[in-house]
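Remarks on the structure that follows.
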Amino acid sequence: MKQIKKAVLAYSGGLDTSIIIPWLKENYGCEVIAVAADVGQGKELDGLIDKAIKTGASKCYIEDLREEFVNEYVIPTVKAGAVYERSYLLGTSFARPIIAKRIVEIAKAEGADAICHGCTGKGNDQVRFELAIKAFAPNMTIIAPWREWDLKSRDDEIDYAEARGIPLAISRETNYSKDKNLWHLSHEGLDLEDPGNEPQYDKILELGVTPEKAPDVATYVDIAFEKGVPTAIDGVAMSAMDIIYKLNELGGANGIGITDLVENRLVGMKSRGVYETPGGAILYKAHEVLETLCLDRDTQHMKEQLAVRFAELVYFGQWYTPLREALSAFVDSTQERVTGHVRLKLYKGNMINAGVWSPYSLYSEEIATFAEDEVYDQKDSAGFINLFGLPIQVRAMLDEQK
């Protein structure tokens, strides 16, 4: 073991980080400072300071990062339309960079010589945390217990905790691996490790209900945007963070945003997870609908292509990179006229477009109408088709000659 005097631990109070505090003291003999980042976990943070101190930490910070998380990480990703593998709304992914950034700041202020995290050696989060740490503290020692200790499973971790009297909020039967913030809640492990098992939704859902249990009457919601940023719900101005909280309530009640997927992890393996993102799903949908009105065809199509790369950068932990910053600059440029409001009908897991309006709309009813008009000469299309189809026609003509 490298000699470490003081380590700052990314602390959540979950199974992994609960046992890491005593493990660090037993194996490194160092002082441990716990840092819990509040990105919207809610009651999960209750009693965390007392728990950290009782299990061996000399100090425990709880940092409220919610506003910054939403404004600097969530909203830029929504504006980009970034969705990983067409399904995952990146809830865990974009929370890691801001958490790691704040941990580095505290580690420097405390004069720590190491930063520790509880991510497994199989997952994506180890990459996300460590790339962010390298971006702000390139010479900092990083300790990843899952790559060092002899524990092989979550059952082993529970044994370790029980042997040391460390209180846990889970049991062996409810030992799902979860990650929660104000944007989403993820579920992995146990019966979900078999993609053939239908999720036990009544057992695992926390942010909402299944579509079957949603109301039989639709809920309408109107979301306003200014330059791609959500600003109001049903005409009531709100911060982006409060909008997400409100949409979580509406979406959860209507069975919105439940995703069961098998995804390709950065480390090479596939993993199965169930994600709850009720408010996020609504926000993505509304923003996408508004863009269909405000963006020209070429910009919209290019943005869709770049959104795939943006999502990969976020998923792979490459938030603090020149490419992500450049793509965000492009996205911000596209959002200059994405202003207006969208009405959606929420019904049993569905989000149905019920109207969209914008002062920058590129839609012209006068041109698009099926009725008689005075602005479009349909004869013009014949010349357009002849030129557009010329390569096809020439090739066919030459093939006939051969």
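The values are calculated or read from the model by the stated rules, or taken from the named source; none is laboratory data. Note that the structure is predicted; figures quoted are calculated from it, not measured. Neighbour counts are summed over all protein chains in view; Cβ atoms, including those assigned to glycine, are modelled from backbone coordinates with ideal geometry. For accessibility, only protein heavy atoms count, side chains too; no ligands or nucleic acids. Shrake-Rupley method; radii C 1.70, N 1.55, O 1.52, S 1.80 Å.
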>> Could you check the range 207-234 and list, in sequence order, the residues that are in a loop (DSSP other than H, G, I, E, B) and buried (at least 17 other Cβ atoms within 10 Å of the Cβ)?
In response: Leu207, Gly208, Val209, Ala214, Gly228
> Take the residues of the range 128-145 that are farther than 14 Å from Ala10 by Cα and part of a helix (DSSP H, G or I): which is most open to solvent (accessible area, probe 1.4 Å)?
Replying inline: Lys134
>> Suppose we filter the range 7-64 for residues that are of a type in the set (S, T, N, Q), over 21 Å from the mean Cα position of the chain (by Cα) and closer than 15 Å to Ile115 by Cβ; how many remain?
In response: 1
> So which pairs qualify, if the first residue must be in the range 132-150 and under 17 Å from Pro97 (Cα atoms), the second must be buried (at least 18 other Cβ atoms within 10 Å of the Cβ) and among the polar types (S, T, N, Q), the Cβ gap must be under 9 Å, and the two must be at least 6 apart or on different chains?
Replying inline: Ala144/Gln126
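Just to be sure, is Asn254 within 15 Å of the chain's Cα centre (by Cα), in contact (Cβ under 8 Å) with a residue 60 or more places away in the chain and surrounded by 14 or more Cβ atoms within 10 Å (Cβ to Cβ)?
Against the criterion (within 15 Å of the chain's Cα centre (by Cα), in contact (Cβ under 8 Å) with a residue 60 or more places away in the chain and surrounded by 14 or more Cβ atoms within 10 Å (Cβ to Cβ)), Asn254 does not qualify.
For every residue, the table says whether it meets (1) modelled with pLDDT of 90 or more; (2) outside any helix (DSSP H, G or I); (3) more than 30 Å from Asn254 (Cα to Cα); (4) in contact with a strand residue (DSSP E or B) (Cβ under 8 Å, 6 or more places away or on another chain).
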residue	(1), (2), (3), (4)
Ile352	yes, yes, no, yes
Glu366	no, no, yes, no
Tyr376	no, yes, yes, no
Gly383	yes, no, yes, no
Leu387	yes, no, yes, no
> With respect to the numbered conditions (1) touching a helix residue (DSSP H, G or I) at 6+ places or on another chain (Cβ under 6 Å); (2) among the aliphatic types (A, V, I, L, M); (3) in a helix (DSSP H, G or I), which one is the sole condition not fulfilled by Val8?
Replying inline: (3)
> Applying the selection to the range 311-329, what residues are in contact with a strand residue (DSSP E or B) (Cβ under 6 Å, 6 or more places away or on another chain) and not hydroxyl-bearing (Ser, Thr, Tyr)?
Replying inline: Ala311
> Any idea which residue in the range 286-311 is nearest to Ala80 (Cα to Cα), counting only those that are open to solvent by less than 60 Å² (accessible area, probe 1.4 Å) and of a type in the set (D, E, K, R)?
Replying inline: Lys303
> Out of the range 170-199, which residues are part of a loop (DSSP other than H, G, I, E, B), surrounded by 14 or more Cβ atoms within 10 Å (Cβ to Cβ) and in contact (Cβ under 8 Å) with a residue 40 or more places away in the chain?
Replying inline: Ile170, Asn175, Asn181, Leu182, Trp183, His184, Pro199
> Within the set of pairs 6+ apart or on separate chains, which have a first residue in the range 83-103 that is in a helix (DSSP H, G or I), a second that is of a type in the set (Lys, Arg) and surrounded by 23 or more Cβ atoms within 10 Å (Cβ to Cβ), and C-beta atoms under 6 Å apart?
Replying inline: Arg96/Arg128
> Do you know which of the residues in the range 349-389 that are over 30 Å from Gly280 (Cβ atoms) and of a type in the set (Val, Ile, Thr) is farthest from the chain's Cα centre (by Cα)?
Replying inline: Val375
> Using beta carbons and a limit of 7 Å, which pairs, at least six apart or on different chains, have the first residue in the range 201-216 and under 20 Å from Glu44 (Cα atoms) and among the β-branched types (Val, Ile, Thr) and the second one modelled with pLDDT of 95 or more and open to solvent by less than 50 Å² (accessible area, probe 1.4 Å)?
Replying inline: Ile204/His187; Ile204/Val274
>> Looking only at residues that are open to solvent by 60 Å² or more (accessible area, probe 1.4 Å) and out of contact with any strand residue (DSSP E or B) (no Cβ under 9 Å at 6 or more places or on another chain) in the range 44-85, which one is farthest from Asp179 (Cα to Cα)?
In response: Lys54
> Hey, any hits in the range 64-82 for a residue that's in a loop (DSSP other than H, G, I, E, B), farther than 16 Å from Ala100 by Cα and free of Cβ contacts under 8 Å to residues at least 12 places away in the same chain?
Replying inline: no
